[in-house]
1. Mind telling me which of the residues Asp74, Asp92 ends up being within 16 Å of ligand 1 (Cβ to nearest atom) and over 30 Å from Asp136 (Cα atoms)?
2. Given Leu124, Leu110, which one is assigned to a strand (DSSP E or B) and either touching a helix residue (DSSP H, G or I) at 6+ places or on another chain (Cβ under 8 Å) or within 27 Å of Ser11 (Cα to Cα) (or both)?
3. Give the residues of the range 45-74 that are buried (at least 19 other Cβ atoms within 10 Å of the Cβ) and in a helix (DSSP H, G or I), sorted by residue number.
4. Working only within the range 76-94, note down all residues that are of a type in the set (A, V, I, L, M, F, W, C), free of Cβ contacts under 8 Å to residues at least 60 places away in the same chain and in contact with a strand residue (DSSP E or B) (Cβ under 6 Å, 6 or more places away or on another chain).
5. Charged (D, E, K, R) and within 14 Å of ligand 1 (Cβ to nearest atom), is that true of Glu81?
6. Quickly run through the range 115-141 and pick out the residues that are modelled with pLDDT under 95, open to solvent by 50 Å² or more (accessible area, probe 1.4 Å) and more than 16 Å from ligand 1 (Cβ to nearest atom).
7. Looking at the range 19-43 only, could you name the residues that are modelled with pLDDT of 95 or more and more than 13 Å from ligand 2 (Cβ to nearest atom)?
8. Can you run down the residue pairs with Cβ atoms below 9 Å, 6 or more apart or on separate chains, where the first is in the range 147-176 and of a type in the set (Ser, Thr, Tyr) and the partner is within 16 Å of ligand 2 (Cβ to nearest atom) and open to solvent by 10 Å² or more (accessible area, probe 1.4 Å)?
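The values are calculated or read from the model by the stated rules, or taken from the named source; none is laboratory data. Note that the structure is predicted; figures quoted are calculated from it, not measured. Here Cβ is always computed from backbone atoms with ideal geometry, including for glycine, and neighbour counts include all displayed protein chains. Protein only, heavy atoms only, side chains kept; ligands, DNA and RNA dropped before computing areas. Shrake-Rupley method; radii C 1.70, N 1.55, O 1.52, S 1.80 Å.
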Amino acid sequence: RKAVVRITTGSRALDELLGGGIETLSITEAFGEFRSGKTQLAHTLCVSTQLPIQMHGGNGKVAYIDTEGTFRPDRIVPIAERFGMDAGAVLDNIIYARAYTYEHQYNLLLGLAAKMSEEPFRLLIVDSVIALFRVDFCGRGELAERQQKLAQMLSRLIKIAEEFNVAVYVTNQVIADPGGGMFISDPKKPAGGHVLAHSATIRLMLRKGKGEQRVCKIYDAPNLPEAEAVFQITPGGITD
Ligand code: GTP
Ligand code: MG
């Protein structure tokens, strides 16, 4: 049995909400409206994963699959400096790939598994996990096939998490939920339906607060207390 490693998010409040940080052997999903901090959290995790274990890191490399073209190496520099790490070395330990179709995204995962068997990785990011599926299967009649392919990809992610003791961090989009009634004022829910709901170990709902402040709530976990964590997005990444 592999021991779970918990990787700091950079915010104590958020770490506490998560029981110490994001966990290896699991899938952590973050969803929320645009600019809610999903990608900024990914950037911070790229750095904190490389911290030694005693500094709440994972002492390992990072794989980043980017479907939106929003990874910014220059953002990594001040975040690395904030944690007292050498930015060049940190960047060298982030394996980056841009995915252009859902098939490409799946094939990148197959290639990564080979890499992970050779080098110590502790984090795999997929930002966003669902965007390409929503583009590649956009017709109503294609939903069943989309969900089947999505399930295939998620089971691949779970396999990677378990085989290599890696934390998987994925981002998701929100969709308006018509809720079956015309008087419900547009409540938002995560995309991906039951397939994603059942694959994610923990689901984080992010929303904007005042200024650079953001709020995180654990979504749909009946066994966990209803709590929120407030964090900030700063040049040095996520903080309290
Ligand atoms: P989408 O991908 O569009 O759905 O949004 P997201 O949830 O990924 O948002 P993202 O993580 O990209 O957050 C963007 C926000 O981060 C911006 O609105 C800024 O407020 C903040 N931000 C980004 N870079 C910096 C930075 O260098 N310094 C500070 N202080 N804030 C930043
Ligand atoms: Mg983003």
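1. Exactly one of Asp74, Asp92 is within 16 Å of ligand 1 (Cβ to nearest atom) and over 30 Å from Asp136 (Cα atoms), namely Asp74.
2. Leu124
3. Residues satisfying the conditions are Leu45, Cys46, Val47, Ser48.
4. Ile94
5. yes
6. Those that are modelled with pLDDT under 95, open to solvent by 50 Å² or more (accessible area, probe 1.4 Å) and more than 16 Å from ligand 1 (Cβ to nearest atom): Asp136, Cys138, Arg140, Gly141.
7. If the condition is that a residue be modelled with pLDDT of 95 or more and more than 13 Å from ligand 2 (Cβ to nearest atom), then Gly20, Gly21, Ile22, Glu23, Thr24, Leu25, Ser26, Ile27, Thr28, Glu29 are the ones that fit.
8. Hits for this filter: Thr171/Lys38; Thr171/Thr39; Thr171/Glu68; Thr171/Ala131.
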